[in-house]
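Structure first, then comments.
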Amino acid sequence: MNEVLIAGLYVFVLAAFLGYQVISRVPPLLHTPLMSATNAISGISLIGSLVTAGAKYNTTSTILGVVAVTAATINVVGGFIITDRMLKMFKREAKPAAAEKK
Amino acid sequence: MSAQNLLIELSYFTASILFVLGLRGLSHPETARRGMFMAEFGMLLAVIGTLLHRDIVSYEWIIVGLLAGSTIGVAMGLWVPMTAMPQRTALSHAFGGLAAALVGVSEFLRHGEHLGTFKVTALGFEVLLGGITFTGSLIAFAKLQELVKGTPITYKGQNVLNGLLFASAVVIFVALVLNPGHTALFYAMCALALLFGVLLVLPIGAADMPVVIALLNSYAGLASAATGFALGNNVLIIAGTLDGGSGFILSILMCKAMNRSITNVLFGAFGSATATVETGEEGVMREVALDDVATQLAYARQVVFVPGYGMATAQAQNAVRELANILEHRGVQVKYAIHPVAGRMPGHMNVLLAEANVPYSQLYELEQINPEMPTTDVAVVIGANDVVNPEARDNPKSAIAGMPIIEVDKAKSVIVLKRGRGKGFSGLENPLFFKPVTGLLFGDAKTSLTRLAAAVNEL
């Protein structure tokens, strides 16, 4: 059996359990930000595409890599910005001044 | 391990930890932003670490991709309105799927027949999941953006065709694992994945989108995790699994909130024109005058607003907030009841109301608000239908039987803001509208609410 596979499976299963614990605690209130946050985080596939885009394996690879880098970067950058924009809006009590001014 | 590799691994390791801590921050609105800063920092570290990779020989194309992506990302991040959040999310799942699939294709092209069984399997999963997510999310986006009609698109033998497609994809996948060098098989699998994604989402109605978006979220994450297996990269496995798990948990929560199974959502074509419409009790809808409603609201002790997708389409969230402000000034206790599947994605209503400056301490979940319904003077239903349909509770034969509902019919008075006399998405008659306790206020929700606010002010 492949050692990389075994190590990968350990990581996968442990991450799944950990993820279950962490994510079950997110209240329904924050489910939309949760979705855009995990989306931004899974834009980590960016690091795979960075190598593909910069390695000059062959022309096709480079083109695919550049498209992949673009797509993943949109998710990372856009996802984190939007998540923060949403999270900023959640307030326990309405700030009277801000509410009046609108 | 060279110093360079050590640095790279260290950056990935730190990033993994920061991602988990970041998501943990989301367990409370107070800590959420700080959590996200940690995750952002983790991402930055991982990207910088990767740029040290010894395979990277030229940076020009990387910079092009990063710049293009950042420009589009910043633009979308700053200017997409909150009401369009479901579409944006669907679109970003498409990008995620695409990125994973492309890396998979490129890896396959590079190594071809030299790939071992394990790596081909990982690449296969990556391309399959990535492809399905890409086209499936594009269709979901088109439906939510109303480029394609939101009702289910069905035809005879649809499930059989989809089943066959899926089965052939699996067969090709197995054949590919046995003959990794067979490029034609690989392309056939890519094509099938893309086609399957389209056909999978087409028959699903717009109101079932919360489940579909969550599920596509899960696929996009798993595609990233498969990339991690293919590249032997742990941070990809961890981040992908977190995303995949999160989407999976959300889709299960959404299904529970509708008392339906995932199979029913995916293959049931719920709410299509063919769904039988059972007209249980016919009755008269009692229309109420605006001034009467204003008086009721003004002299109530507790008012509960129940928003649905109709509030989003009417852009009525600010009007709700203004009316609520006026009521609160008069000493009325105002609460909002949020059904988990109200809207087009998980948590949709919460975000819209938060944007309209409603403090989250006033947003109540289903289980919290139902016990308070009997002591509520007025429940105002804004563009919601199925989530307040008492059939779900009372009629075991109903298509939505067993779906938990917000029991507005137990309130002392119910006001339903409604555009017309039409039925809800499920095509079901809603007996709530015929109950003696219910009054209907017809018209555009935003206009009605604004006029209500003015009327209450004059009292």
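No value in this document is a laboratory result; all are computed from the given coordinates. Quantities reported herein were computed from a predicted structural model and do not represent experimental measurements. Here the Cβ is made from the backbone with ideal geometry for all residues, glycine too, and neighbour counts use every protein chain on show.
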31 Å Cα-Cα threshold exceeded, pairs from A:Lys88/B:Lys119; B:Lys156/B:Lys446; B:Lys256/B:Lys435; B:Lys335/B:Lys418:
A:Lys88/B:Lys119; B:Lys156/B:Lys446
What relative contact order, as a whole-number percentage, does chain B give when Cα pairs under 8 Å and 6 or more residues apart are counted?
14
Rounded to whole Hz, the Karplus (6.51, -1.76, 1.60) HN-Hα couplings of the stretch B:157-166, x for glycine and proline
x, 4, 5, 5, 4, 4, x, 4, 4, 4
Name the aspartates and glutamates eligible as straight-distance cross-link partners of B:Lys397: C-alpha to C-alpha under 16 Å, and not fewer than 8 places from it in the same chain.
B:Glu278, B:Glu281, B:Asp386, B:Glu429
In order over the stretch B:131-142: 3J(HN,Hα) from phi, Karplus 6.51/-1.76/1.60, θ = phi - 60°, whole Hz, x for each Gly or Pro, gives x, 4, 4, 4, 6, x, 5, 4, 5, 4, 4, 4
Please give the net charge around B:Asp444, taking every other residue with its beta carbon less than 12 angstrom from that of B:Asp444, where Lys and Arg add +1 and Asp and Glu add -1.
+4
Taking Lys and Arg as +1 and Asp and Glu as -1, residues besides B:Ser224 with C-beta under 13 Å from its C-beta add up to -2
Intensity falloff of the stretch B:1-153 expressed as log10 I(q)/I(0), Debye formula with alpha-carbon point scatterers, at q = 0.14, 0.16, 0.18, 0.20 Å⁻¹:
-1.02, -1.27, -1.42, -1.44
Here the alpha-carbon Rg of the protein assembly as shown over 2.2 N^0.38 Å rounds to 1.02
Taking a ≥ b ≥ c as the square roots of the eigenvalues of the Cα gyration tensor of the stretch B:329-377, is the shape rounded (a/c under 1.5), prolate (a/b larger than b/c) or oblate?
oblate
Net length gained if the chain between B:Asn457 and B:Leu10 were fully extended (0.36 nm per residue, minus Cα distance):
154.7 nm
With the crude spin-label approximation of a point 7 Å out along Cα→Cβ, what separation in nm comes out for B:Asn179 versus B:His114?
2.2
Remind me, relative contact order of the stretch B:136-254 in percent, using alpha carbon pairs under 8 angstrom and six or more residues apart?
27
Rounded to the nearest Å, what's the spacing between the alpha carbon centres of the stretch B:152-212 and the stretch B:80-104? Just the number, please.
19
Cβ charges +1 (Lys, Arg) and -1 (Asp, Glu), total dipole of chain B, debye
180
If you filter the stretch B:96-198 for chymotrypsin sites (Phe, Trp or Tyr not before Pro), then keep DSSP loop positions with at most 10 other Cβ within 10 Å, what is left?
B:Tyr155
Angle in degrees between helix B:183-201 and the longest Cα principal axis of chain B, rounded to the nearest 10:
0
Sorted by chain and number, the residues with a modelled amide H under 5 Å from that of B:Leu115, at a separation of 5 or more or across chains, are none
Checked against the positive end of the charge dipole of chain A (+1 on Cβ of Lys and Arg, -1 on Cβ of Asp and Glu, about the Cα centre), the farthest of A:Thr32, A:Ile63, A:Leu46 is A:Thr32
Sorted by chain and then number, the residues having a modelled amide H within less than 5 Å of the amide H of B:Val381, at least 5 places away or on another chain, are B:Val306, B:Ile415, B:Val416, B:Leu417
Would you mind calculating the relative contact order of the stretch B:371-441 from Cα pairs under 8 angstrom and at least 6 residues apart, reporting the percent as a whole number?
37
FRET efficiency, 1/(1 + (r/R0)^6) with R0 41 Å, evaluated for A:Ile6 and B:Glu146 via beta carbons:
0.30
Packing-based exposure ordering (other Cβ within 10 Å, fewest first) of B:Thr227, B:Thr450
B:Thr450, B:Thr227
Once a ≥ b ≥ c are taken as the square roots of the eigenvalues of the Cα gyration tensor of chain A, is the result rounded (a/c under 1.5), prolate (a/b larger than b/c) or oblate (a/b not larger than b/c)?
oblate
Return the sequence-ordered ³J(HN,Hα) values of the stretch B:390-397 in whole Hz as given by the Karplus equation 6.51 cos²θ - 1.76 cosθ + 1.60 applied to θ = phi - 60°, using x for Gly and Pro.
x, 3, 4, 8, 9, 10, x, 8
For chain A, set up a GNM with springs between Cα atoms under 10 Å and report which of A:Ser42, A:Ser24, A:Ser61 has the largest fluctuation.
A:Ser24
Find which of B:Gly181, B:Ile17, B:Ala100 sits farthest along the positive direction of the dipole of chain B, computed with +1 on the beta-carbon of Lys and Arg, -1 on that of Asp and Glu, about the Cα centre.
B:Gly181
Expected unfolding gain across B:Leu195-B:Arg34 under the 0.36 nm per residue rule, minus the alpha-carbon gap, is 53.9 nm
Share of pairwise Cα separations in the stretch B:63-167, more than 21 Å, in percent:
53
